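Report on the structure given below.
The values are calculated or read from the model by the stated rules, or taken from the named source; none is laboratory data. All values derive from a computational prediction rather than experimental measurement. A quick note on method: Cβ atoms are made from the backbone with ideal geometry, for glycine too, and the neighbour counts reach across all protein chains shown. For the accessible areas, the whole protein counts, side chains as well, though only heavy atoms, and no ligand, DNA or RNA atoms are used. Shrake-Rupley method; radii C 1.70, N 1.55, O 1.52, S 1.80 Å.
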Amino acid sequence: MDSQGEILVVGLGNIYVTPDALGPKVINEIEVTRHIINYLPQYVEEGTRMVSAISPGVLGTTGIETVEILKGIVENTKPKLVIVIDALASRSIERISSTVQLSDTGIVPGAGVGNTRSEISQKTLGVPVIAIGIPTVVETAVLVNDCLDLLIEKLQNEAKSNDYLNQLKEENNYEEIKEALLPKDYNLIVTPKEIDDLIENMKEIVANGINGAM
């Protein structure tokens, strides 16, 4: 892609649900330049890249699939690249707010919490898509599975290990735990109590990274 190609930054998620507010909060920190370059070019340094940003909301509040909104924007503004930011559901407690996932294959909103929406990718938008995701929640099944591993490790360290515990430790029990929890709707989505601070920190990291790269 040329160094001056226009960029569209998209913040996915619901700003009113803290663990899902990463995308919209990042958008508020993005240095947008498209309107300035178009209407006040004399105030812009030569070589400044056109950047636009949007937080399209979620299907539950707009009634419109996010990819449908983005198709209209891409068709009219014709960016060279779309950067999508979203909060993720993790398969490990340790990854919450400590991992940044980058992908050029797009993203499927809601997939991590069993609410799969239409794919956002080069295939659906017609332009390259870079997805930036940060885990902010885990399922109860993940929580139980990780805690079970910690319990087994503790018992092993206390010399209470046996063949069964060793076998249990080696296996990934996530699917079995999830199957046991689903009938009672106990497979909740869990987030840390300090999620407000974590989201604010991650917002700054992602926004500063994008602004610096642009």
What does the accessible area of Lys80 come to, in Å² to the nearest 10, when a probe of 1.4 Å is used? 110
For the stretch 115-214, what Kirkwood radius comes out of the mean inverse Cα-Cα distance, in Å? 17.4
What residue among Leu148, Gly106, Ile195 has its Cα farthest toward the positive end of the dipole of the chain, where the charges are +1 on Lys, Arg and -1 on Asp, Glu, each on the Cβ? Gly106
Could you check which residue among Ala21, Ala180, Ala141 shows the biggest mean-square fluctuation in a GNM of the chain with a 10 Å Cα cutoff? Ala180
Find how much the distance from Glu153 to Ser92 grows on full extension, using 0.36 nm per residue of separation minus their present alpha carbon separation; answer in nm with one decimal. 20.3 nm
Find how many whole Å separate the alpha carbon centroid of the stretch 194-214 from the alpha carbon centroid of the stretch 73-151. 16
Candidate residues Tyr43, Tyr174, Tyr186, Tyr16: accessible-area rank, largest first, probe 1.4 Å: Tyr16, Tyr43, Tyr186, Tyr174
Mean Cβ neighbour count within 10 Å, used as a protection proxy, ranking 31-37, 7-13 highest first: 7-13, 31-37
To the nearest 10 square angstrom, what accessible area does Ile199 show with a 1.4 Å probe? 0
What share of the DSSP beta bridges in the chain is antiparallel, in percent to the nearest 5? 25
Is it possible to state the helix-based mean residue ellipticity at 222 nm for the chain, with each DSSP H run of 4+ residues giving -39500 (n - 2.57), the sum divided by total residues, to the nearest 500 deg cm²/dmol? What is it? -11500 deg cm²/dmol
Label selected from (1) 19.6; (2) 19.2; (3) 20.8, the criterion being Kirkwood radius over Cα pairs in Å as computed here: (2)
On the full set of protein chains, 1.4 Å probe, figure out the accessible area of Leu40 and give it in Å² to the nearest 10. 80
